Amino acid sequence: MPPPKKSKTGLIVTLSVLGGLVLLGGCGALVATVSSGSTHESSATGESPADAAPEKNAPPEKNAPAEKPAEKEKGADASAESDVKLTGCEVNSVTKWPSVTVEIENHSDAQSNYIVSVEFVDGSGTRLAEGIAAANNLAAGQKSEQKAQGIGEAPADTKCKVSKVTRYPSGG
């Protein structure tokens, strides 16, 4: 009687995880390349780090909705940052990985693509992980809800904040 065949489940899972990590690394490199070449990029606050007061750099409260600058500046052109709102900042109880829901609403007059970079920080403001959310071909006035996922363990009190928003015409 021949010996029973060995299962290859572990190999398949390992290769899938490694493939996913390679894909995420490639996406991160693509985003970095696109972000550095865009003229529509800016920081989350719209100020240079030297101009920002320490309290403006403090991470938002967990699960607290982000305030939209466009609501303060009625009549002014909405910036890309004002098109983004973070909700549902959480750490998964099983994996301990952080994630956040990113709500994007195109306030511009043109169909646009968005890349939103998010940081996951601890209570002292130390960055623990990063995540990216993207929306393509978002029509003027259209909304999209995406998820930014951090990779790596984070404490339960992790905070989420927008680090960069890039908006550019989709040409479609």
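Going residue by residue through the stretch 134-144, is there one that turns out to be within 16 Å of the chain's Cα centre (by Cα), over 21 Å from Ser79 (Cα atoms) and touching a residue at least 40 places away in the same chain (Cβ under 8 Å)?
No: the stretch 134-144 contains no residue that is within 16 Å of the chain's Cα centre (by Cα), over 21 Å from Ser79 (Cα atoms) and touching a residue at least 40 places away in the same chain (Cβ under 8 Å).
Of everything in the stretch 131-172, what is farther than 14 Å from Pro98 by Cβ, open to solvent by 50 Å² or more (accessible area, probe 1.4 Å) and basic (Lys, Arg)? Give them in sequence order.
Lys143, Lys164
For Val118, all conditions in the list (1) at pLDDT below 95; (2) open to solvent by less than 10 Å² (accessible area, probe 1.4 Å) hold save one; what is the number of the exception?
(1)
Could you please let me know if Gly141 is at pLDDT 95 or above and either over 13 Å from Ala80 (Cβ atoms) or not aliphatic (A, V, I, L, M) (or both)?
Details: at pLDDT 95 or above: yes; either over 13 Å from Ala80 (Cβ atoms) or not aliphatic (A, V, I, L, M) (or both): yes.
When the stated conditions are applied, Gly141 passes them.
The values are calculated or read from the model by the stated rules, or taken from the named source; none is laboratory data. Bear in mind that the values here come from a model prediction, so they are computed numbers and not experimental data. Cβ sites come from the backbone with ideal geometry, for glycine too, and all protein chains shown count toward neighbours. All accessible areas refer to the heavy atoms of the entire protein, side chains included, with ligands and DNA or RNA removed. Shrake-Rupley method; radii C 1.70, N 1.55, O 1.52, S 1.80 Å.
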